[in-house]
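Right, one structure below, let's go through it.
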Amino acid sequence: MKIYLTVDISKGWDIWNKMAEELNSDMVSAGGMQFIFKGCEMDEKKIHLIMEVESMEKSQQWLTRPDILQKRIEAGAVVESTFVIPLRD
C-alpha cells in the first residue's frame, strides 16, 4: 500500500532528511515502510512523502514508538501536523 504524508518541520530540510536517512534501515525492517519520494517545499517548512507501507497499523506503530517519536521531534518534525492519505494504485 502507498501513502502520501505531509509534516510541518521547524529546523529545515537538511536536519529532517539526515534523521530520515539515519532511521531508514529501522524503518524498513521494523516498520515495513520505505520511501518512494521525499521532498520539501521551497521554504523548507513542510515535507511531502510518498511511502510504501506493509500496513497502516504497522506504520503508525513505528511512527509513534517513543524512541522514533523523540528523534522526529529533535529533527524538527511538528508531529501533530502529520497528515496521511492512503493511496490506491
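Looking across region 36-54, the residues that are acidic (Asp, Glu) and either surrounded by fewer than 15 Cβ atoms within 10 Å (Cβ to Cβ) or under 19 Å from residue 88 (Cβ atoms) (or both) come down to 41, 43, 52, 54.
So which residues in region 69-89 are of a type in the set (S, T, N, Q) and within 21 Å of residue 54 (Cβ to Cβ)? Matches in region 69-89: 82 only.
Is it fair to say residue 57 is of a type in the set (Asp, Glu), open to solvent by 90 Å² or more (accessible area, probe 1.4 Å) and over 12 Å from the mean Cα position of the chain (by Cα)? For residue 57, the condition - of a type in the set (Asp, Glu), open to solvent by 90 Å² or more (accessible area, probe 1.4 Å) and over 12 Å from the mean Cα position of the chain (by Cα) - is met. Regarding residue 13, is this residue in contact with a Cys (Cβ under 7 Å, 6 or more places away or on another chain) and either without any contact (Cβ under 8 Å) to a residue 60 or more places away in the chain or aliphatic (A, V, I, L, M) (or both)? Judged against the criteria, residue 13 is a match.
Of all the listed residues (5, 63, 23), the sole one being touching a Ser or Thr at 6+ places or on another chain (Cβ under 8 Å), among the aliphatic types (A, V, I, L, M) and touching a residue at least 40 places away in the same chain (Cβ under 8 Å) is 5. May I ask you to list the residues in region 61-85 that are more than 13 Å from residue 10 (Cα to Cα) and surrounded by fewer than 13 Cβ atoms within 10 Å (Cβ to Cβ)? Hits for region 61-85 are 64, 66, 67, 70, 83, 85. Residue under question is residue 18, and the condition is that it be closer than 17 Å to residue 73 by Cβ, under 13 Å from the mean Cα position of the chain (by Cα) and modelled with pLDDT of 95 or more; does it hold? Here the answer is yes, as residue 18 does meet what is asked. For region 45-66, the set of residues classified as out of contact with any strand residue (DSSP E or B) (no Cβ under 9 Å at 6 or more places or on another chain) and farther than 16 Å from residue 28 by Cα consists of 66 only. Looking at 1, 33, just one residue is among the aliphatic types (A, V, I, L, M) and open to solvent by 80 Å² or more (accessible area, probe 1.4 Å), and that residue is 1.
The values are calculated or read from the model by the stated rules, or taken from the named source; none is laboratory data. Remember, predicted model here, so these are calculated numbers, not experimental data. All Cβ positions, glycine included, derive from the backbone under ideal geometry; neighbour counts span all protein chains shown. Keep in mind that these areas ignore ligands, DNA and RNA; they rest on the heavy atoms of the full protein, side chains included. Shrake-Rupley method; radii C 1.70, N 1.55, O 1.52, S 1.80 Å.
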